[in-house]
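Asker: Have a look at this one.
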Amino acid sequence: MAVIDRPTSGPTTEPTTDAATAVRPRGFRPASRRRARIAGGAALAALAIGGNVFVYASLDDTTEVLQVVRNVRAGDVITGADLRVVEVDLDPTVPVVTADEMGLVVNQYARVYIASGTLMVQQLVQPSPVVTPGASVVAVEIRPTRVPSGLRERSRVMLVVLRDSGESEAFVTTGRVVARGPDDDNVTGVFGLSVEVPEADAATVAAGDDVRVVVLDPGVDSATEAGG
């Protein structure tokens, strides 16, 4: 009997696929920490956009205020013709006089020199005249080189009148500057001051040819204090 060897055919085996790797997720799925950072960035961006919107919206928030249209000297009465209404964007804390508050400054006296273009502030005016009762205003001329530092309108000063009559003592009185001229007058070469002095001393000061000015402690200005 002949015996023939034949290969046996067993069951065919195919490679198996692991269940964890059979289904793979598709798309971007950030980790929890990264998701928190993304959310924080989005919140900051929203705040920045909201802040810009608020800033641009506030640029259109203007206020009607009063502006001086001509130079006003100290002691002048403010009239409606001296003012105009302008729209400005100002900090609310700035104490300017608004258009509907015109009655607070019209027919008031200017405390100091107010330049044209100045926004009106209530502290620049007062209800009473600048010259106080019992006083007079005299004009004093001094050389620009003798103008002391810090001299301005409403400064309290000492006037020293040097007499040329041979008398050894100078005449001295105190007063307050009502108005001052420009620092450099090329026409006359002098510096002009209007000074309020006691009425009894006004004639002596006005007649003086050589007057020196000394700036004193400001003290209490009765004229401006009366205006608040």
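The values are calculated or read from the model by the stated rules, or taken from the named source; none is laboratory data. Being a predicted model, the structure only gives us computed values, none of them experimental. Virtual Cβ from ideal backbone geometry, glycine too; neighbours counted across all protein chains shown.
Asker: Looking at the range 140-154 only, could you name the residues that are surrounded by 13 or more Cβ atoms within 10 Å (Cβ to Cβ) and within 21 Å of ALA110 (Cβ to Cβ)?
Answerer: The answer is VAL140, LEU151, GLU153, ARG154.
Asker: While we're looking at this one, here's another question. Output yes when any residue across the range 103-110 is at positive phi, in the same structural domain as VAL214 (by TED's automatic domain parsing) and either part of a loop (DSSP other than H, G, I, E, B) or among the β-branched types (Val, Ile, Thr) (or both), and no when none is. Outline the logic, then answer.
Answerer: Kept after step one, since they are at positive phi, are these residues of the range 103-110: 107.
Checking which are in the same structural domain as VAL214 (by TED's automatic domain parsing) leaves us with none.
No.
Asker: Inside the range 62-104, can you point out the residues that are small (Gly, Ala, Ser) and touching a residue at least 40 places away in the same chain (Cβ under 8 Å)?
Answerer: Residues satisfying the conditions are ALA74, GLY75.
Asker: Report, ordered by the first and then the second residue, all pairs with beta carbons closer than 7 Å, sequence separation of six or more or different chains, a first member in the range 175-202 that is modelled with pLDDT of 90 or more, and a second member that is assigned to a helix (DSSP H, G or I).
Answerer: Partner pairs satisfying both residue conditions: VAL197/VAL205.
Asker: From the list THR98, THR79, THR173, pick out the single residue that is touching a Ser or Thr at 6+ places or on another chain (Cβ under 8 Å) and surrounded by fewer than 16 Cβ atoms within 10 Å (Cβ to Cβ). Before the answer, list the steps.
Answerer: Working: THR79 fails: touching a Ser or Thr at 6+ places or on another chain (Cβ under 8 Å); THR173 fails: surrounded by fewer than 16 Cβ atoms within 10 Å (Cβ to Cβ).
Just a single option satisfies the conditions, and that option is THR98.
Asker: Could you say whether any residue in the range 75-84 is modelled with pLDDT of 90 or more and part of a loop (DSSP other than H, G, I, E, B)?
Answerer: Yes: one or more hits.
Asker: Looking at the structure I just gave you, is LEU162 surrounded by 12 or more Cβ atoms within 10 Å (Cβ to Cβ), within 30 Å of ASP82 (Cα to Cα), among the aliphatic types (A, V, I, L, M) and in contact with a strand residue (DSSP E or B) (Cβ under 7 Å, 6 or more places away or on another chain)? Full working, then the answer.
Answerer: Numbers: surrounded by 12 or more Cβ atoms within 10 Å (Cβ to Cβ): yes; within 30 Å of ASP82 (Cα to Cα): no; among the aliphatic types (A, V, I, L, M): yes; in contact with a strand residue (DSSP E or B) (Cβ under 7 Å, 6 or more places away or on another chain): yes.
Against the criterion (surrounded by 12 or more Cβ atoms within 10 Å (Cβ to Cβ), within 30 Å of ASP82 (Cα to Cα), among the aliphatic types (A, V, I, L, M) and in contact with a strand residue (DSSP E or B) (Cβ under 7 Å, 6 or more places away or on another chain)), LEU162 does not qualify.
Asker: Taking the stated definitions as given, is GLU87 loosely packed, with under 11 Cβ neighbours inside 10 Å and charged (D, E, K, R)? So that I can check it myself, show each step before the final result.
Answerer: Details: loosely packed, with under 11 Cβ neighbours inside 10 Å: yes; charged (D, E, K, R): yes.
Yes; evaluated as a whole, the condition is true for this residue.
Asker: A follow-up question, please. Going through the range 118-169 one residue at a time, which ones are in a strand (DSSP E or B) and either closer than 30 Å to GLU64 by Cα or among the hydroxyl-bearing types (Ser, Thr, Tyr) (or both)?
Answerer: If we filter the range 118-169 for residues that are in a strand (DSSP E or B), which is where we start, we get 119, 121, 125-126, 135-142, 156-162.
LEU119, VAL121, VAL125, GLN126, SER136, listed by residue number.
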